[in-house]
Amino acid sequence: MASLQHNSQSGEHGARHGGERDPEQGADRPAGDPTASAVRRDLAVRARDLAVRAAVEQGLISETEPVVALLDVAGIRASAAALRTAFEEITAPGTPVLHAFAVKAAPLVPLLRLLDAQGIGAEVASPGELALARAAGVPADRTVLDSPAKTTAELREALALGIAVNADNPQELDRIDSLVGSGPMRSPVGLRINAQIGGGSIGALSTATTTSKFGVALRDEGARAWVVQAYLDRPWLTRLHTHSGSQGVPLELMARGVRTVYELAEEINAAAGRRQIDTLDIGGGLPVNFASDEETPTYAAYARLLKDTVPELLDGRYGLVTEFGRSLLAKHGLVLARVEYVKSAGGRPIAVTHAGAQVATRTVYDPVSWPLRIAAYDTEGRPRTGPAVAQDIAGPACFAGDLLAENRPVQRLEQGDLVAALDTGAYYFTNHYAYNSLARPGVHGFTETSGGEVRFATVRAPQRVEEIVAESGGAYADALLDG
């Protein structure tokens, strides 16, 4: 059975490495203390500026490598610690809690291993993501499989490994029935519930609408009664899963979704006459502030809201699983790109860079929902100063809308300068869009020593042209000529 980390043990994870800057400096102050928040913000900005300068000095970005992605390792550790602490403070002692990182947010093996070392497991939604989690050494009992389209082979593998599975729909549950047989169940199995409580400001990311494709629509006619009976018919069905949050979704709506599923669990357990459901997987989806360096909302704020909204869930009777992704990483990653040319059109300056749709697909195609902050640096990696000038920050792809920012006030850029697309640690450079056969950038994690030196570790090597050719059928050049 999948193990959930007890909150009394979570202090074993996230030990600070000697010599690195302390990611939790100021953490001894109350979580809502504006002074502590300012300290964390200033540390993050300082670390970013040092990393950009070091990337130039150490040749990570150059004429031959004009775009690179950077991850702040200390910042990631701090986010993991903040998540663990937030739930430790609201749950009863001994409550089993598993925080499973949503691998889709950043499918990088070294990153998954780092998070595992910080006490964060893995939530996977495809055979590829499961393979990445296993390659990173994430234990099966700290892995959760979600997806609306699991094949029989995927389910069979997960059940054989003892990975927790959340079934999406009645047909999938029937498929699991055929795989369970009469033997003992190694995997915890749950059913995903769409609480149908409404959406947020980004429709494509709203998972709890009336017609969402995810889960069993709880308010549809006859659905609630079917769910209760499905559990009564399957004593091995011991979890409920929901996911109401994502970018653009208010915290209150997320908490309401959790409350809805808690009430369903109570109803099922009452009907069963026992505590059949022992764990609630409440998903993730904490929104990220893309407007400034402030990390808001915080895990602590969300946890307190859960305690106010559904206190009974936290009294120790139920284990918890969370599936946060974007909120763990977004603030701790950036894309750094060289300005290849500067020009103007219609009187507006344009900086043509090497970062565009291939690394910031959502921003390019939906800039209103996904605006990115841009920081300007000179050729040596020093922050540019002076008055801001409205200009376009353009990418390398061959279509007019390939813009990281349009008519954005930024310090005037010159040829050879650098731009940093901030808050891109999740769902950006790790989710490559191969338009124009543009190469995937290298990804490097950085840490700062006590002496102020920045050290880089390669997370993913930059893609080479030869690899692009190989992935595009280079070995089968004559395949269409025969016949």
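The values are calculated or read from the model by the stated rules, or taken from the named source; none is laboratory data. All values derive from a computational prediction rather than experimental measurement. Backbone-built Cβ (ideal geometry, glycine too); neighbour counts: all protein chains shown.
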Subject >> Tabulated pairs, segment 284-296, first farther than 15 Å from residue 332 by Cβ and touching a residue at least 24 places away in the same chain (Cβ under 8 Å), second of a type in the set (Asp, Glu) and surrounded by 15 or more Cβ atoms within 10 Å (Cβ to Cβ), C-beta under 9 angstrom, 6+ apart or interchain >> reply: 284/123; 284/323; 285/323
Original post:
Can you tell me which residues in segment 81-106 are surrounded by fewer than 24 Cβ atoms within 10 Å (Cβ to Cβ), within 19 Å of residue 331 (Cβ to Cβ) and either in contact with a strand residue (DSSP E or B) (Cβ under 9 Å, 6 or more places away or on another chain) or not assigned by TED's automatic domain parsing to the domain that holds residue 163 (or both)?
Top reply: 84, 104
Subject >> Single match in 361, 353, 379 (criterion: among the β-branched types (Val, Ile, Thr) and under 25 Å from the mean Cα position of the chain (by Cα)) >> reply: 361
Subject >> Residues of segment 372-388 classified as among the aliphatic types (A, V, I, L, M), closer than 18 Å to residue 45 by Cα and not in a loop (DSSP other than H, G, I, E, B), total >> reply: 3
**OP:** Please state which one of 265, 271, 351, 303 is at pLDDT 95 or above, among the hydrophobic types (A, V, I, L, M, F, W, C) and assigned by TED's automatic domain parsing to the domain that holds residue 441.
**Re:** 351
**OP:** Find all pairs meeting these conditions: Cβ atoms under 7 angstrom apart; at least six residues apart or on different chains; first residue within segment 206-235 and among the charged types (D, E, K, R); second residue at pLDDT 75 or above.
**Re:** 213/148; 224/218
**OP:** Scan segment 63-76 and give yes if some residue there is touching a Gly at 6+ places or on another chain (Cβ under 8 Å), farther than 30 Å from residue 383 by Cβ, surrounded by 19 or more Cβ atoms within 10 Å (Cβ to Cβ) and touching a residue at least 40 places away in the same chain (Cβ under 8 Å), otherwise no.
**Re:** no
Subject >> Scope segment 330-351; condition surrounded by fewer than 24 Cβ atoms within 10 Å (Cβ to Cβ) and farther than 16 Å from residue 377 by Cβ; matching residues >> reply: 341, 343, 344, 345, 346, 347, 348, 349, 350
Original post:
In this structure, is residue 260 more than 30 Å from residue 38 (Cβ to Cβ), part of a helix (DSSP H, G or I) and among the hydroxyl-bearing types (Ser, Thr, Tyr)?
Top reply: yes
**OP:** Kindly indicate whether any position in segment 409-424 is within 21 Å of residue 108 (Cα to Cα) and surrounded by fewer than 18 Cβ atoms within 10 Å (Cβ to Cβ).
**Re:** no
**OP:** Any chance you could count how many residues in segment 100-123 are part of a strand (DSSP E or B) and of a type in the set (D, E, K, R)?
**Re:** 1
**OP:** Among residues belonging to segment 334-344 that are touching a residue at least 24 places away in the same chain (Cβ under 8 Å) and over 24 Å from the mean Cα position of the chain (by Cα), point out the one that is nearest to residue 71 (Cα to Cα).
**Re:** 338
